[in-house]
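Asker: This is the structure I want to talk about, given as structure tokens.
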Amino acid sequence: MRERLRRARSGAPEKPDYALVGIVKIPELERSPARAIGRRVLWALIALFVCSFVVYLDRGGYRDVDETPLSYIDCLYYSAVTLSTTGYGDVTPLSESARILNIVFITPLRVLFLIVLIGTTLEVLTERSRQAIKIQNWRNRVRNHTVVVGYGTKGKTATAAVLADGVRPNEIVVVDDEQNALDDAAADGLVTVRGDATKSDTLRLAGVQHAAALVIAANRDDTAVMVTLTARELNPRAKIVASVRESENIHLMRQSGADSVVVSSETAGRLLGIATITPSVVEVVEDLLSPEEGYAIAEREVDPSETGGSPAHTKDLVLGVVRGGELYRVGAKEVEAIEAGDRLLYVRQGERG
């Protein structure tokens, strides 16, 4: 156990950005092929008109085959055949009408040919560099985000709850070593990191050292303990919430640095037992755990007008008071009166309600 922890904490030297392509994936908006080609054509037109304007400003330094001063159409024609790498052949249009035809009809066909011929190849060649730049920019700005370790059933559900609470998808990073899980996370618009979350270098790639919260939804309790130990060493201030299968491992998780521990198997067992007697209670619990509809459990700051009053006499149904990082249930003598700086755990009405 100690040897595994030592190897997990040591990690490998941090990799350069270009070496992270395929490991870190930044989501991006999907564009249709027509839109992608349209953007390329637009940039080509901008380059064409900028070039023609520059040539027109210096038109006195150019010589036409008919020995006449260059008009703007001449400059535009020159820019078109130059930027398209056509060059000059033995057949050269002399009249303005012929040159307009070349600009309006021939050159677009030539550009379309270049796009079809080499566009895909260039995109493949530049994709790695583009991804490396995106990864570098993301690593420079990612702060106070949420890291989710494991994107199975628990991880997906936890992420959905975080998103429903107002967190943006680009503020969530998913760490998993299964490509199928990472593909699902990427399809949901989340940043993904492929690797073993028990290793410090993998967690560093996910920005755990700058994260505000860490959700550990690993499939094994020993893995969850290792991830918690490593993450807590990297970030002593982050809020770590972990899931374990067995209640006997709760103390290990808390000793490892977890702030909150959820026992998935026992929680599911309790709901199953309650459902056999009072199924409506289970429906209410499910409702409270679904922030996007019905009712939900939330936390808010104390309103100045509520200071000094009882938690039971507020406008909301208050379940508990958080004071100094400790949760007190309503009715406890420590929170008979609300104080400034308290936070109220209450039931709020969702969209459906």
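Asker: What's the total number of residues in the range 235-291 that are part of a loop (DSSP other than H, G, I, E, B), hydroxyl-bearing (Ser, Thr, Tyr) and closer than 21 Å to THR146 by Cβ?
Answerer: Going residue by residue through the range 235-291, those that are part of a loop (DSSP other than H, G, I, E, B) are 235-238, 245-246, 257-259, 278, 289-291.
Subsequent filtering for residues that are hydroxyl-bearing (Ser, Thr, Tyr) retains 278, 290.
With the extra rule that they be closer than 21 Å to THR146 by Cβ, the set shrinks to 290.
Of the residues in the range 235-291, 1 are part of a loop (DSSP other than H, G, I, E, B), hydroxyl-bearing (Ser, Thr, Tyr) and closer than 21 Å to THR146 by Cβ.
Asker: Let me ask another. Let me confirm something: among GLY325, GLY308, GLY294, which residue is more than 22 Å from GLY150 (Cβ to Cβ), out of contact with any strand residue (DSSP E or B) (no Cβ under 9 Å at 6 or more places or on another chain), modelled with pLDDT under 80 and of a type outside the set (A, V, I, L, M, F, W, C)?
Answerer: Values: GLY308 fails: modelled with pLDDT under 80; GLY294 fails: out of contact with any strand residue (DSSP E or B) (no Cβ under 9 Å at 6 or more places or on another chain).
Residue meeting the stated conditions: GLY325.
Asker: Test VAL262 against the criterion of being out of contact with any Cys (no Cβ under 7 Å at 6 or more places or on another chain) and either in contact (Cβ under 8 Å) with a residue 40 or more places away in the chain or open to solvent by 40 Å² or more (accessible area, probe 1.4 Å) (or both), and give yes or no. Let's see the steps before the verdict.
Answerer: Details: out of contact with any Cys (no Cβ under 7 Å at 6 or more places or on another chain): yes; either in contact (Cβ under 8 Å) with a residue 40 or more places away in the chain or open to solvent by 40 Å² or more (accessible area, probe 1.4 Å) (or both): yes.
For VAL262, the condition - out of contact with any Cys (no Cβ under 7 Å at 6 or more places or on another chain) and either in contact (Cβ under 8 Å) with a residue 40 or more places away in the chain or open to solvent by 40 Å² or more (accessible area, probe 1.4 Å) (or both) - is met.
The values are calculated or read from the model by the stated rules, or taken from the named source; none is laboratory data. Source: prediction; values computed, not measured. Please note: Cβ atoms are built from the backbone with ideal geometry, for glycine as well, and neighbour counts cover all protein chains shown. For the accessible areas, the whole protein counts, side chains as well, though only heavy atoms, and no ligand, DNA or RNA atoms are used. Shrake-Rupley method; radii C 1.70, N 1.55, O 1.52, S 1.80 Å.
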